[in-house]
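Input: a single structure, listed below in structure tokens.
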Amino acid sequence: MPFDAQAPYLSTAAAPAGRSRAVAIWLFAVAAMVWIMVALGGATRLTGSGLSIMEWAPFRGTLPPMSEAEWNRLYDLYRTIPQYELVNRGFGLEGFKGIFWLEWSHRLWGRLIGLAYAGGLAWFWLRGAIPRGYGGRLLLLLALGGLQGAVGWFMVASGFEADRTAVSPWRLVIHLGLALFLFAMLLWTALTLMRPHRDAPPAAARLRPLAHATAGLVVLTMLAGGFVAGIRAGLDYNTFPLMAGRIVPEGYGALSPFARNLVENVATVQFNHRLLATLAGLSALVLAALALARLPAGAARGAALGFAAVVMLQYGLGVATLVNVVPAWLGTLHQAVAVAVLGSALVLLHSLRAPRPERAARQME
Ligand code: HEM
């Protein structure tokens, strides 16, 4: 039977009950697996491996090909899609194996995340260890995880269409966005189970609006980055800070209607990502300075400084990725550290949560 996770926390000094802690640790572990999954996804895309498996076989596809005949069958399937004709024509079975393994590992890791999550959920549920009020959210996460597998296939399938050598940028952004949302929900839930009491210092109130705005900017920067990756806008304008000698590149907004530029025009897509990243970076620096000046030493101040440091690291990685014309390892690192930026933003927002007046009143009784 679910127990009441709130009860032990009515005192601000209370530590999470053992069972809440165990659930939190499980959720942290699954969030870490999602993080690795995003990095693997980046490596898969950047090595041109993502379209190598033309089937969606959730159970049968768990094992890699075990015979030469099975390798040849999958290779023959791959040879029917435009990417083979236009990019990899004649690269042979060995070449095919070279792009097969990353896509297979990405899918296998997805299955392992599903197992770790569904298995953990069943285990805690059967033992009555799911904290009260969390059952619905944990089931929703299970459904969204399953949906992410289907969205992944929906994305990959767009790459098989006539004349296409890559997947639809929209579908790539939806797949990336859902991965980030899953990561965020897992992390936030785990943090709340681990630190249920809201103990931000009173001065945190003045930082909260800027922290929310900066987190919003970071999320927009990430989605804009998804479009940079989706239309390979990082292969052009490989200078920083200028783009072809100008701050705002020629050709910005050249398509009509304007909305098309936001997802199709290389100059616009890349400039927007730079602009949003710069605003997010400046905002994170102001936040860190305010935290140093106004917050006492403690979790909230540490979180603000940590967040600013990770944003700066990500900014530098973005510039390095761009000026080196997107080498796979740097692009993968930039994609992986984006998840750390989101994670540190959530840790910061969590540490700044406003105390709930009614709960504070209950605590006084
Ligand atoms: C707060 C700072 C930043 C964040 C959070 C961020 C986030 C992201 C994300 C999430 C992606 C998409 C990865 C994917 O879907 O594969 C991306 C791609 C990219 N970003 Fe950033 N970025 C930041 C700063 C920058 C800066 C300053 C630059 C360069 C001036 C930059 C250049 C790029 C490039 C070239 C790509 C495409 C790489 C590829 O094709 O894999 N980023 N960024």
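The values are calculated or read from the model by the stated rules, or taken from the named source; none is laboratory data. This one's a predicted model, so the numbers in the text were calculated from it and none came from an experiment. Please note: Cβ atoms are built from the backbone with ideal geometry, for glycine as well, and neighbour counts cover all protein chains shown. Ligands, DNA and RNA are stripped out before the accessible areas are found, and what is left, the full protein with its side chains, is counted by its heavy atoms. Shrake-Rupley method; radii C 1.70, N 1.55, O 1.52, S 1.80 Å.
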| query | Using unit Cβ charges (K, R positive; D, E negative) and no other charged atoms, how large, in debye to the nearest 20, is the dipole of the stretch 21-80 about its Cα centre? | reply | 260 debye
| query | Based on the Cβ-Cβ distance of ARG21 and LEU63, what FRET efficiency does E = 1/(1 + (r/R0)^6) give at R0 = 41 Å, to the nearest 0.05? | reply | 0.65
| query | Taking the chain as a Gaussian network, where each spring joins two C-alpha atoms under 10 Å apart, which residue of LEU346, LEU144, LEU93 fluctuates the most? | reply | LEU93
| query | P(r) of the chain in 10 Å steps, Cα pairs, percent per bin? | reply | 5, 21, 28, 24, 15, 6, 1, 0
| Among 59-72, 199-212, what's the highest-first ranking by average C-beta atoms within 10 angstrom per residue? | 199-212, 59-72
| field | Length released on extending from PHE181 to LEU77, taking residue separation times 0.36 nm less the Cα-Cα span | value | 34.1 nm
| message | Modelling each spin label as a point 7 Å along the Cα-to-Cβ direction, I'd like the ARG294/LEU139 distance in nm, to one decimal. | response | 4.2 nm
| request: With unit charges on the beta carbon (Lys/Arg positive, Asp/Glu negative), name the residue among PRO202, GLY135, VAL34 whose Cα is farthest towards the positive pole of the charge dipole of the chain. | output: PRO202
| query | Residue separation times 0.36 nm, minus the C-alpha to C-alpha distance between ARG208 and LEU147: what's the value? | reply | 18.7 nm
| task | Just the number, please: carbon plus sulfur as a percent of the accessible area of the stretch 198-365, 1.4 Å probe, no ligands or DNA/RNA counted. | result | 69 percent
| Okay, helix-only estimate at 222 nm for the chain: each DSSP H run of n ≥ 4 adds -39500 (n - 2.57), divide by all residues, round to 500 deg cm²/dmol; what do you get? | -22500 deg cm²/dmol
| request: Using the Kyte-Doolittle scale, find the helices of the chain whose mean hydropathy is at least 1.6 and whose Cα atoms extend 27 Å or more along the helix's long axis, counting only whole DSSP H runs. | output: 169-194
| query | Which FRET efficiency value, to the nearest 0.05, is calculated for LEU242 and TRP329 with the Förster distance at 22 angstrom and r the Cβ-Cβ distance? | reply | 0.30
| remark: Treating only Lys and Arg (+1) and Asp and Glu (-1) as charged, each at its beta carbon, one finds that the chain has a dipole about its Cα centre, in Debye to the nearest 20, of 1220 debye
| note | Between the residues ALA284, VAL341, VAL156, the Cα farthest towards the positive end of the dipole of the chain, that dipole coming from +1 and -1 charges on the beta-carbon of Lys, Arg, Asp and Glu, is from ALA284
| message | Just to confirm, what accessible area per residue do you get for the chain at 1.4 Å probe, in whole Å²? | response | 48 Å²
| Potential extension, GLU70-SER105 segment - 0.36 nm per residue separation minus Cα distance | 10.9 nm
| said: Could you tell me how many cubic angstrom of Cα convex hull volume the stretch 198-365 has per residue? | reply: 121 Å³
| request: Can you grab the distance from the C-alpha centre of the stretch 25-93 to the C-alpha centre of the stretch 271-318, Å, no decimals? | output: 36 Å
| Top positive-direction residue, dipole computed over the stretch 210-299 with Cβ charges, set ALA299, THR268, PHE258 | ALA299
| Counting other Cβ atoms within 10 Å, which trypsin sites (Lys or Arg not before Pro) in the stretch 110-196 have at most 15 and lie in a DSSP loop? | ARG127, ARG132, ARG164
